[in-house]
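*Asks:* The structure's right below; bear with me while I get my questions together.
The values are calculated or read from the model by the stated rules, or taken from the named source; none is laboratory data. All of these numbers come straight from a predicted model, not from anything done at the bench. Cβ coordinates were reconstructed from backbone atoms using ideal geometry, including for glycine residues, and neighbour counts include every protein chain displayed.
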Amino acid sequence: MEIRKEQIENFNQKSLRDQQENWDFFQNQLVKRGLDCSAILKQIQNLQIAIPSWALGAGGTRFGRFSFGGEPCNLEQKIDDVGLLHALTQSAGAISLHIPWDIPKDELAIKQQAAERGILFDAVNSNTFQDQNKQKHSYKFGSLCHTNRAVRQQAIEHNIEVIKYGEAIGSKSLTVWLADGTSFPGQHNFRKAFQNTQDSLKEIYQHMPSDWKMFIEYKPFEPNFYSMVIPDWGTSLMLAEGCGEKAYTLIDLGHHLPNTNIEQIVSILMMKGKLGGFHFNDSKYSDDDLTCGAIKPYQLFLIFNELVDGMEINEAANPPLAWMIDASHNLKDPLEDLMQSLEAIREAFAKALLIDRAALSIAQMENDVAQCQEIIQQAYRTDVRPLLVEARRLSGGAIDPIGFYRQQAVRKQLIRDRGENVVATGL
């Protein structure tokens, strides 16, 4: 289904007066603090978060999966769903494909469909964490790290194929996440597994177009629990540096051990010019893949504090970042969940933009710990919702995206058009 601009405009009318009052008050508060409201508003409008094609249907756990009905059954329907999200939020201007789950059958038609909805193609993602039908060699004991050269070559060729699909639709980056690892001591020779992975990544890297980037993702455990070949940001960084200047580390917020200081990792990687991008989600324990900001909103804000600081002082060293949500929806309507995540990300970004960095720098130099906290938390405690709503409204989005979604009974329409008992491709 497609949402028309007139529908959104009509829906916004009922809340327009309240929003104008809230926005006027908010602007006055920012002026009193010496902040450039129009510049901050523009930065919020420009922040676009990619939606992964696999997050548009119900996810699940190893114990079960519960369908929502009306899930997208092909790539065309997934692009329609991202277009719907973007129309309402004006912050979901890209889609990230997972191959072979979402192989475009007609690249030109797919590009045209995306363009009509204002959607770009973000990173393409390879899949060597599961075996596909009629696959010659199994990845049960690893892919790019495998002891058998034939298995490694198969995984290399798959990544090269993914690059070709990405070129055809206009993507500019490849994300590599490996499930490679061990569940028992002695199962791997750690050094050989790392060297095989490095050599394999180098071979893939040589097939990337000159204007592409490679993002190397890490994870400390799961699906293997004794060791992972790329368990942390340091290993990812070593592999990226071993490949070349177009290779970067990618951070998934759920891919850390409990209480890891992710914001410090962000800061150091940006200083080195090797932070490629983000997979946003939230968690209580590890890779829970929950709605952004649902569990640790303050941590998300602190991460954006370092991101904003790094982008302001290190823009030349670190390239523009790739932003993407990576979540799994087992309890909530996936589209509503994604709208909540988009809002939480923009909220954390907006609050980070309000930090008085000159004052913070002075307090840090003077080791004034209490003042540092006061400066940080003043920004965090600011209600930035009028700013987010105004940025969305001026861009043509809905003042209340979920309110519009529910009023228009969008999920019911999707079920009517696609059916009740359908499963999104790739899941």
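*Asks:* Identify, please: which residue in region 319-357 is of a type in the set (Gly, Ala, Ser) and at pLDDT below 95 and is, among those, surrounded by the fewest Cβ atoms within 10 Å (Cβ to Cβ)?
*Replies:* Per the stated criteria, the residue is Ser328.
*Asks:* Got at least one residue in region 150-158 being within 30 Å of Gln112 (Cβ to Cβ), of a type outside the set (A, V, I, L, M, F, W, C) and in contact (Cβ under 8 Å) with a residue 12 or more places away in the chain?
*Replies:* Yes, there is a match, as at least one residue in region 150-158 is within 30 Å of Gln112 (Cβ to Cβ), of a type outside the set (A, V, I, L, M, F, W, C) and in contact (Cβ under 8 Å) with a residue 12 or more places away in the chain.
*Asks:* Related question: Does region 391-427 hold any residues that are farther than 20 Å from Ser341 by Cβ and touching a Phe, Trp or Tyr at 6+ places or on another chain (Cβ under 6 Å), and which are they?
*Replies:* Across region 391-427, the qualifying residue is only Thr425.
*Asks:* So which residues in region 265-298 are of a type in the set (A, V, I, L, M), in contact with an Asp or Glu (Cβ under 9 Å, 6 or more places away or on another chain) and either surrounded by fewer than 18 Cβ atoms within 10 Å (Cβ to Cβ) or under 27 Å from Gly60 (Cα atoms) (or both), if there are any at all?
*Replies:* Once the filter is applied, which keeps residues that are of a type in the set (A, V, I, L, M), in contact with an Asp or Glu (Cβ under 9 Å, 6 or more places away or on another chain) and either surrounded by fewer than 18 Cβ atoms within 10 Å (Cβ to Cβ) or under 27 Å from Gly60 (Cα atoms) (or both), region 265-298 yields Leu290, Ala294, Ile295.
*Asks:* Which numbered condition in (1) among the small types (Gly, Ala, Ser); (2) in contact with a Ser or Thr (Cβ under 7 Å, 6 or more places away or on another chain); (3) more than 22 Å from Leu84 (Cβ to Cβ) is the only one that Ala348 fails?
*Replies:* (2)
*Asks:* I would also like to ask the following. Answer yes or no as to whether Ser395 is at negative phi and modelled with pLDDT of 95 or more. Show your work before the answer.
*Replies:* On the way: at negative phi: yes; modelled with pLDDT of 95 or more: yes.
It is true that Ser395 is at negative phi and modelled with pLDDT of 95 or more.
*Asks:* Just to be sure I understand, how many residues within region 206-227 are more than 22 Å from the chain's Cα centre (by Cα) and buried (at least 17 other Cβ atoms within 10 Å of the Cβ)?
*Replies:* Looking only at that region, the number is 2.
*Asks:* Please verify whether region 123-138 includes one or more residues that are in contact with a helix residue (DSSP H, G or I) (Cβ under 7 Å, 6 or more places away or on another chain), part of a helix (DSSP H, G or I) and not hydroxyl-bearing (Ser, Thr, Tyr).
*Replies:* No, there is no match, as no residue in region 123-138 is in contact with a helix residue (DSSP H, G or I) (Cβ under 7 Å, 6 or more places away or on another chain), part of a helix (DSSP H, G or I) and not hydroxyl-bearing (Ser, Thr, Tyr).
*Asks:* Just to verify a result, which residue in region 99-156, among those that are aromatic (Phe, Trp, Tyr) and under 18 Å from Pro72 (Cβ atoms), is surrounded by the most Cβ atoms within 10 Å (Cβ to Cβ)?
*Replies:* The residue in question is Phe121.
Every residue, every condition in (1) over 26 Å from Gln130 (Cα atoms); (2) at pLDDT 95 or above, yes or no:
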site	(1), (2)
Asn28	yes, yes
Gly34	yes, no
Gly59	no, no
Gly83	yes, yes
Leu88	yes, yes
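*Asks:* Next up: Mind checking which residues of region 274-302 are of a type outside the set (Phe, Trp, Tyr) and in a strand (DSSP E or B)?
*Replies:* The answer is Leu275, Gly276, Gly277, His279, Asp282, Leu290.
*Asks:* Looking at region 228-237, which of the residues that are in contact (Cβ under 8 Å) with a residue 40 or more places away in the chain and over 16 Å from Pro185 (Cα atoms) is surrounded by the most Cβ atoms within 10 Å (Cβ to Cβ)?
*Replies:* Ile230
Yes/no matrix, rows are residues, columns are (1) under 26 Å from the mean Cα position of the chain (by Cα); (2) farther than 29 Å from Leu354 by Cα; (3) not hydrophobic (A, V, I, L, M, F, W, C); (4) not in a helix (DSSP H, G or I):
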{"residue": "Glu2", "(1), (2), (3), (4)": "yes, yes, yes, yes"}
{"residue": "Asp18", "(1), (2), (3), (4)": "no, no, yes, no"}
{"residue": "Asn28", "(1), (2), (3), (4)": "no, no, yes, no"}
{"residue": "Leu35", "(1), (2), (3), (4)": "no, no, no, yes"}
{"residue": "Leu41", "(1), (2), (3), (4)": "yes, no, no, no"}
{"residue": "Ile44", "(1), (2), (3), (4)": "yes, no, no, no"}
{"residue": "Ser67", "(1), (2), (3), (4)": "yes, yes, yes, yes"}
{"residue": "Gln77", "(1), (2), (3), (4)": "yes, yes, yes, no"}
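*Asks:* Something else now. Considering only residues that are crowded, with 17+ Cβ neighbours inside 10 Å and either small (Gly, Ala, Ser) or over 25 Å from Met324 (Cβ atoms) (or both), which ones fall in region 181-197?
*Replies:* Gly181, Thr182, His188, Ala193, Phe194, Asn196
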